[in-house]
């Protein structure tokens, strides 16, 4: 079985480094995923961000104070005053070291790559290194629970 047989066949949802953490959270909730590849304007993979990383970022208090024009009372500014992390760019919380696995890699080798790196997800890439999907530990759970035919 190959990685491409494990991943859910859907359009890859990505986020840019300059998008806010709240935009990333909204995308993850909308698409029911726990992590997103971070892609720059040139289409290059520059990182990965997950709900876990965002929660860690908030919990550790690594967010900066966001400067807000107090004369302009938009809903975004009100939220940013109360929860400044929501307005921080993704690049502040993303991991820059990304585990990448080729889509034709054997599934067991991909599982070992996740295990060895101590992560729950990897970006699946094509022969040119372009992101084409996400592989998560849940893909392996689904395989174990329902078998090869449901993957």
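Any read-out appearing in this document is the output of simple, stated calculations on the displayed coordinates, not a laboratory observation. As the structure is a computational prediction, the values presented were derived from the model and not from experiment. In this analysis, Cβ positions are derived from the backbone assuming ideal geometry, glycine residues included, and neighbour counts consider all displayed protein chains.
Sort 3, 33 by Cβ crowding within 10 Å, fewest neighbours at the top.
Fewest to most other Cβ atoms nearby, the residues stand as 33, 3.
I need the calculated FRET efficiency for the pair residue 5 and residue 112, taking r as the beta carbon distance and R₀ as 22 Å, to the nearest 0.05.
0.85
Taking the Cβ of each residue in 97, 2 as the centre, tally the other Cβ atoms inside 10 Å and list the residues starting with the fewest.
Least crowded to most crowded, the residues run 97, 2.
Using a basic spin-label model with each label point 7 Å from the Cα along Cα→Cβ, how many nm lie between residue 60 and residue 138?
2.4
Can you pull the one-decimal nm distance between simple spin-label points at residue 44 and residue 100, each 7 Å off the Cα toward Cβ?
1.1
Separation of the stretch 93-151 and the stretch 6-49 by C-alpha centroid, Å?
Cα centroid to Cα centroid, the span is 15 Å.
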